[in-house]
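Asks: One structure coming up, written as structure tokens, with questions to follow.
The values are calculated or read from the model by the stated rules, or taken from the named source; none is laboratory data. Quick caveat: nothing in here was measured; it's all calculated off a predicted structure. Glycine gets a Cβ as well: all are built from the backbone with ideal geometry, and neighbour counts include every protein chain shown.
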Amino acid sequence: MEYYLKLSEMLCLDHFYIMVSQEQFEELVTLKDTVAGFAHTKTKVKGDSWEGAYLRTNSGEYIEFMQPRKDRNEGMGIAFSARSPIFSDIRKLKDEFKKLTWTKGTRTWGDGSKWFTWVGLKSKKNDKKYDPHFLTWAMFYHPRYHQYKNVTPKTMATKSMARILQLDILMNPNLQNFVKYHLKWTNAVIKDTSKGMKIQIPNREFETFTINITFNNSYENFMFKKILLETHRMKKVKLPKLKTIKLKQKNGLVILENALIK
């Protein structure tokens, strides 16, 4: 008897974003001078623009650090994509979960070319107040046949970080059911713990990325506590000294700790 993978079983972590303070964002941007794979980018697409600090890994996933904006107060978001986009089209996820209510959209570059199409769930009527605080979506990347013109040796260079191992965050417990609902269509494994929740998501190399959530009523949505990374081939990385984020390094691991949490 043959077994065929479902679309949801082919998903992996594409990236996640997390809100940091303005001061933390400005300090994180300085890592682009010492950490290969770290970048500070201002992105413009049709109808929108944003600024982010990005940490890309060799396994393909990345972190997007977001700074507060006047019109938005993002908390956290998790993006998924297919391990093998040639064999799977995540735009058809709704066919697998027909009882769920879906929404979708397409990001388009200024020249009119498509960047990616995203699909995700519509929030339940009584939960729409939580929409700005947490998002999940799956990404289908449209091919750009002249992409090679933007590829430089730096683009293909080895990144300082091999992969993202762990994210520890504080979360308002009111978001618990909302988070579980918006991960319902994914292959994330969610477990309740004595202090909160644990979420495990596969990356492109079939390794596990873990999110440890501790409930805390002091925050409106999320507060990043700690990020654990594995360096490329366990090498030591040159790191600056920051005020708002503690950087630690030991045995091929780099730890970013939020120094603003008392």
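Asks: Where in the stretch 101-149 are the strands (runs of 3 or more DSSP E), entirely inside, with at least 2 residues that are under 16 Å from the mean Cα position of the chain (by Cα) and either farther than 30 Å from residue 213 by Cβ or not assigned by TED's automatic domain parsing to the domain that holds residue 87 (or both)?
Replies: Where strands (runs of 3 or more DSSP E) fall fully within the stretch 101-149, none carries at least 2 residues being under 16 Å from the mean Cα position of the chain (by Cα) and either farther than 30 Å from residue 213 by Cβ or not assigned by TED's automatic domain parsing to the domain that holds residue 87 (or both).
Asks: Something else about it: Where residues in the stretch 40-59 are of a type in the set (A, V, I, L, M) and surrounded by 16 or more Cβ atoms within 10 Å (Cβ to Cβ), which of them is farthest from the chain's Cα centre (by Cα)?
Replies: Ranking the qualifying residues of the stretch 40-59, first place goes to 53.
Asks: Residue 12 passes all but one of (1) part of a strand (DSSP E or B); (2) in contact with a Phe, Trp or Tyr (Cβ under 6 Å, 6 or more places away or on another chain); (3) of a type outside the set (A, V, I, L, M); which number fails?
Replies: Going through the list (1) part of a strand (DSSP E or B); (2) in contact with a Phe, Trp or Tyr (Cβ under 6 Å, 6 or more places away or on another chain); (3) of a type outside the set (A, V, I, L, M), residue 12 breaks only (2).
Asks: OK, next. Which pairs do you get when a residue that is under 27 Å from residue 114 (Cβ atoms), found in the stretch 146-167, comes within reach of a residue that is assigned to a helix (DSSP H, G or I), reach meaning Cβ atoms under 8 angstrom, with the pair 6+ apart or on two chains?
Replies: 159/232
Asks: If you don't mind, another one. Could you list all residues from the stretch 22-49 that are part of a helix (DSSP H, G or I) and in contact with a Leu (Cβ under 9 Å, 6 or more places away or on another chain)?
Replies: The answer is 23, 24, 27, 28, 30, 31.
Asks: Tell me, yes or no, whether the stretch 152-159 has at least one residue that is under 30 Å from residue 252 (Cα atoms) and either surrounded by 13 or more Cβ atoms within 10 Å (Cβ to Cβ) or touching a Cys at 6+ places or on another chain (Cβ under 7 Å) (or both).
Replies: Yes, there is a match, as at least one residue in the stretch 152-159 is under 30 Å from residue 252 (Cα atoms) and either surrounded by 13 or more Cβ atoms within 10 Å (Cβ to Cβ) or touching a Cys at 6+ places or on another chain (Cβ under 7 Å) (or both).
Asks: While we're here: Can you confirm whether residue 53 is in contact with a helix residue (DSSP H, G or I) (Cβ under 8 Å, 6 or more places away or on another chain), in a strand (DSSP E or B) and not assigned by TED's automatic domain parsing to the domain that holds residue 212?
Replies: Yes, satisfied.
Asks: Right, something else. Taking the stretch 90-111 on its own, how many of its residues are in contact with a Lys or Arg (Cβ under 8 Å, 6 or more places away or on another chain) and farther than 15 Å from residue 48 by Cβ?
Replies: Matching residues across the stretch 90-111 total 8.
Asks: Going residue by residue through the stretch 171-189, is there one that turns out to be in a strand (DSSP E or B), surrounded by fewer than 16 Cβ atoms within 10 Å (Cβ to Cβ) and free of Cβ contacts under 8 Å to residues at least 60 places away in the same chain?
Replies: Scanning the stretch 171-189 turns up at least one residue that is in a strand (DSSP E or B), surrounded by fewer than 16 Cβ atoms within 10 Å (Cβ to Cβ) and free of Cβ contacts under 8 Å to residues at least 60 places away in the same chain.
Asks: So, residue 211, is that one closer than 22 Å to residue 121 by Cβ and either modelled with pLDDT of 95 or more or in contact with a Phe, Trp or Tyr (Cβ under 6 Å, 6 or more places away or on another chain) (or both) or not?
Replies: yes
Asks: If you don't mind, there's one more thing I want to ask. Name every residue in the stretch 96-127 that is in contact (Cβ under 8 Å) with a residue 40 or more places away in the chain and of a type in the set (Asp, Glu), in order of residue number.
Replies: Hits for the stretch 96-127 are 96, 127.
Asks: Residue 62 versus (1) surrounded by fewer than 19 Cβ atoms within 10 Å (Cβ to Cβ); (2) farther than 18 Å from residue 243 by Cβ; (3) modelled with pLDDT of 95 or more: which is the lone unmet condition?
Replies: Every condition holds for residue 62 apart from (1).
Asks: OK, next. Given the criterion free of Cβ contacts under 8 Å to residues at least 12 places away in the same chain, out of contact with any Asp or Glu (no Cβ under 8 Å at 6 or more places or on another chain) and either loosely packed, with under 14 Cβ neighbours inside 10 Å or not assigned by TED's automatic domain parsing to the domain that holds residue 102 (or both), identify the matching residue among 231, 208.
Replies: After ruling out the rest, the residue left standing is 208.
Asks: Let me ask something additional. Read through the list (1) modelled with pLDDT under 95; (2) under 22 Å from residue 55 (Cα atoms); (3) of a type in the set (Ser, Thr, Tyr), then give the number of the only condition that residue 136 fails.
Replies: Status for residue 136: all satisfied but (1).
Asks: Restricting to the stretch 22-31, give me the number of residues that are surrounded by fewer than 17 Cβ atoms within 10 Å (Cβ to Cβ) and either in contact (Cβ under 8 Å) with a residue 60 or more places away in the chain or over 20 Å from residue 258 (Cβ atoms) (or both).
Replies: Number satisfying all stated conditions: 2.
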